[in-house]
Amino acid sequence: MAATASAAPIYPLLSSSPRSSIPESLTLVVSQHRVSSKDSTLQHCAKISRRRDFIGGIALLAALWREPLASEAREVEVGSYLPPFPSDPSFVVFKASPKDTPALRAGNVEPYEFILPATWKQARVANILSGNYCQPKCAEPWVEVKFEDENQGKIQVVASPLIRLTNKPNATIEDIGSPEKLIASLGPFVTGNTFDQDELLETSIEKKGDQTYYTYVLETPFALTGSHNLAKATAKGSTVILFVASANDKQWPSSQKTLKAMLDSFQV
């Protein structure tokens, strides 16, 4: 059984902050609000202090909203709770079910599955990225699940509302357009930041029963996810599901075969 991807709420952090953590400059701002408007010098100092506290507040919120560090997110090895892959026991099978993510519980995503090495660990998905706050009607893509291994790389499943890509209900991936057109829209969700068509090395189309999959090989030197990315996408129901396997330059030489096996196994 897969662990539910979740993130701890930030509100307890805000409410339980010790009194000593309040910036001294905040007291200065309060005091300066009492200064007579006739004293332009003190008014100027107050403006500077307020600006400094505002910037400090932004930094604090950024720290609280950040995604959990890898060291905070790692759980037990998936081999301890997922069933082995019959043809290769070094891999296990992850089959997503409604108890795994908010979108699956809401019925916005069809169940999907893939294999991964038994030594990998599931990572938490920050609440702001999970789609938990916008189900059942999310306007932007969200992250379903994430798994990682510090020596081999990481994978994640991203779901995008179909309406973001086409107005045709229950469209197939072919209805949306060519592989190049689809990756132009979803590329930033592969890389974690930006996407350039020059980073696309290969595309292919695969049929599994009635389902069509677009597969991509990307070299992304500026990506937050890693300098090497493999992706596979399909459309079903009201969403497009994107599987992304990523590695940095150090991980790629030894892990590319494993990442490709995981990518090939992905199906909805």
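A short reminder: the numbers here are calculations on the coordinates, not readings from a lab. The shown structure was predicted, so the numbers you read here are calculated from the model rather than taken from an experiment. Because the Cβ atoms are built from the backbone with ideal geometry, glycine has one as well, and the counts that use them run over all protein chains shown.
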* To do: Give me 264, 198 ranked fewest to most by other Cβ atoms within 10 Å of their Cβ, as a rough exposure proxy.
  => 198, 264
* For residue 229, what is the net charge nearby, where nearby means another residue's Cβ is under 10 Å from its Cβ and Lys, Arg count +1, Asp, Glu -1? -> -2
* Asked: Listing 76, 157 from the residue with the fewest other Cβ atoms within 10 Å to the one with the most, what is the order?
  -> 76, 157
* Structure fact -> Relative contact order of segment 170-268 (C-alpha contacts under 8 Å, at least 6 apart) in percent is 22 percent
* Ranked highest first by average number of other Cβ atoms within 10 Å, how do 179-187, 122-130 line up? -> 122-130, 179-187
* To do: Neighbouring Cβ atoms within 10 Å as the yardstick, rank 120, 252 fewest first.
  => 252, 120
* Asked: Over segment 70-265, what is the relative contact order in whole percent, taking alpha-carbon pairs under 8 Å and six or more residues apart?
  -> 18 percent
